[in-house]
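Novice: One structure, as structure tokens, below. Some questions next.
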Amino acid sequence: MPSLKDLKNRIASVKATQKITKAMKMVAAAKLRRAQEAAEAARPYAERMNKVLASLSAANAGNAGAPLLLSGTGKDQVHLLVVATGERGLAGGFNSSIIRMARDHALKLIAQGKTVKILTVGRKGNDVLRRSFKDNIVHYITFREVKQLGFVQADEVAGKVLDMFNAGEFDVATLFFARFQSVISQVATAQQIIPAKFEVVEPSEASSVHYEYEPSEEEILEDLLPKNIAVQIFRALLENNASFYGAQMSAMDNATRNAGDMINKLTLSYNRQRQAQITKELIEIISGAEAL
């Protein structure tokens with residue numbers, strides 16, 4: 001049984017930890033609002049570009065001269081997994097859910113005899129995946145020193161992916177990230193970005209209107225498809241950022257509550273042991289007095 005001094009030290013230690021977790025929760029809550037606004041602001045632009053490219057690609061997907069970013073290389077042997085995670089931990093299951101999805105996808109492809117290459121964006125994903133897929137990781141990008149994510153960072157990642165594709169280093173690229181839904185809900189998501197896959201555009205009144213493009217549809221696709229990769233990566237980074245702070249806020253709130261419960265239990269044990277010790281001392285004093 002721990003002594004009174006040990007219990008007192010443990011209570012003081014847990015109280016100090018509780019102060020840290022409470023402070024981290026407040027910091028995460030303050031940063032979450034800005035990150036959530038940025039993520040939500042990027043969604044309409046990314047979705048609108050998806051609709052425009054879906055409309056253009058529908059008529060060009062089968063053409064022999066269609067861009068490779070749309071039609072693909074014609075092979076499905078080498079896969080690039082772009083795994084975007086956080087730079088730090090203490091965010092509940094945020095990082096682990098993305099890593100788990102990417103790892104399962106990689107193992108499935110390897111079982112099918114495919115070649116898997118991994119590009120990690122974020123320190124936590126790189127550290128974990130390196131344990132099992134050290135030989136598969138071909139590039140690592142970190143934005144740990146960047147205070148506020150911008151399109152420049154997304155363009156850097158997109159540039160590396162496009163350089164690898166143009167060099168013929170892979171056939172299919174899939175992006176892994178967490179889509180922000182709420183403080184307590186972040187959904188791990190896998191999105192194929194090369195060859196581009198677009199959501200089906202539902203027919204509407206506008207779809208019956210015939211548009212004439214200048215320059216040609218093929219030239220527009222050649223220009224927009226590379227930009228779309230940067231846009232989708234930018235959206236993923238913003239979604240990840242908001243998801244990280246949401247998960248961290250929730251995790252630190254739970255940690256603060258758990259620390260409070262532990263303090264109550266330790267305090268109860270301390271009081272009971274102290275009371276027992278006082279009772280024992282009183283019995284000894286009374287017994288000594290009666291012996292005299």
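The values are calculated or read from the model by the stated rules, or taken from the named source; none is laboratory data. These figures come from a predicted structure and were not determined experimentally. Ideal geometry is used to build each Cβ from the backbone, glycine not excepted, and the neighbour counts take in all protein chains shown. Side chains included, ligands, DNA and RNA excluded: accessible areas come from the protein's heavy atoms. Shrake-Rupley method; radii C 1.70, N 1.55, O 1.52, S 1.80 Å.
Novice: Does T85 fit the bill of being open to solvent by less than 30 Å² (accessible area, probe 1.4 Å), modelled with pLDDT under 95 and among the β-branched types (V, I, T)?
Specialist: So T85 fits the description; yes.
Novice: So how many residues does the range 259-292 have that are closer than 21 Å to T17 by Cα and open to solvent by 70 Å² or more (accessible area, probe 1.4 Å)?
Specialist: Looking only at that region, the number is 5.
Novice: Among residues belonging to the range 112-125 that are open to solvent by less than 40 Å² (accessible area, probe 1.4 Å), free of Cβ contacts under 8 Å to residues at least 40 places away in the same chain and within 18 Å of the chain's Cα centre (by Cα), point out the one that is nearest to L238 (Cα to Cα).
Specialist: Among residues in the range 112-125 that are open to solvent by less than 40 Å² (accessible area, probe 1.4 Å), free of Cβ contacts under 8 Å to residues at least 40 places away in the same chain and within 18 Å of the chain's Cα centre (by Cα), the one nearest to L238 (Cα to Cα) is T120.
Residue by residue, here is whether (1) in contact (Cβ under 8 Å) with a residue 40 or more places away in the chain; (2) surrounded by 15 or more Cβ atoms within 10 Å (Cβ to Cβ); (3) within 28 Å of L68 (Cα to Cα) holds:
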position	(1), (2), (3)
R130	no, yes, no
N136	no, yes, yes
K147	no, no, no
V152	no, no, yes
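Novice: Further question on the same structure: Based on this model, can you work out whether V201 counts as more than 30 Å from L119 (Cα to Cα), under 35 Å from the mean Cα position of the chain (by Cα) and modelled with pLDDT under 90?
Specialist: yes
Novice: Just to verify a result, which residue in the range 4-58, among those that are hydroxyl-bearing (S, T, Y) and touching a residue at least 24 places away in the same chain (Cβ under 8 Å), is surrounded by the fewest Cβ atoms within 10 Å (Cβ to Cβ)?
Specialist: Of everything passing the filter in the range 4-58, Y45 is surrounded by the fewest Cβ atoms within 10 Å (Cβ to Cβ).
Novice: Another question about this same structure. Given the conditions (1) more than 18 Å from E239 (Cβ to Cβ); (2) open to solvent by 10 Å² or more (accessible area, probe 1.4 Å); (3) out of contact with any Asp or Glu (no Cβ under 6 Å at 6 or more places or on another chain); (4) in a loop (DSSP other than H, G, I, E, B), and given that F170 satisfies all but one, which numbered condition is not satisfied?
Specialist: Only one criterion is unmet by F170, namely (2).
Novice: Residue pairs, Cβ under 6 Å, 6 or more apart or interchain, first in the range 254-280 and within 30 Å of G93 (Cβ to Cβ) and touching a residue at least 60 places away in the same chain (Cβ under 8 Å), second open to solvent by 60 Å² or more (accessible area, probe 1.4 Å) and charged (D, E, K, R). List them.
Specialist: Here the result reads T256/K22; L266/R10, each pair linking the range 254-280 to a residue that is open to solvent by 60 Å² or more (accessible area, probe 1.4 Å) and charged (D, E, K, R).
Novice: Further question on the same structure: Please go through the range 100-128 and pick out each residue that is in a helix (DSSP H, G or I), over 19 Å from Q192 (Cβ atoms) and touching a strand residue (DSSP E or B) at 6+ places or on another chain (Cβ under 7 Å).
Specialist: If the condition is that a residue be in a helix (DSSP H, G or I), over 19 Å from Q192 (Cβ atoms) and touching a strand residue (DSSP E or B) at 6+ places or on another chain (Cβ under 7 Å), then N126 is the only one that fits.
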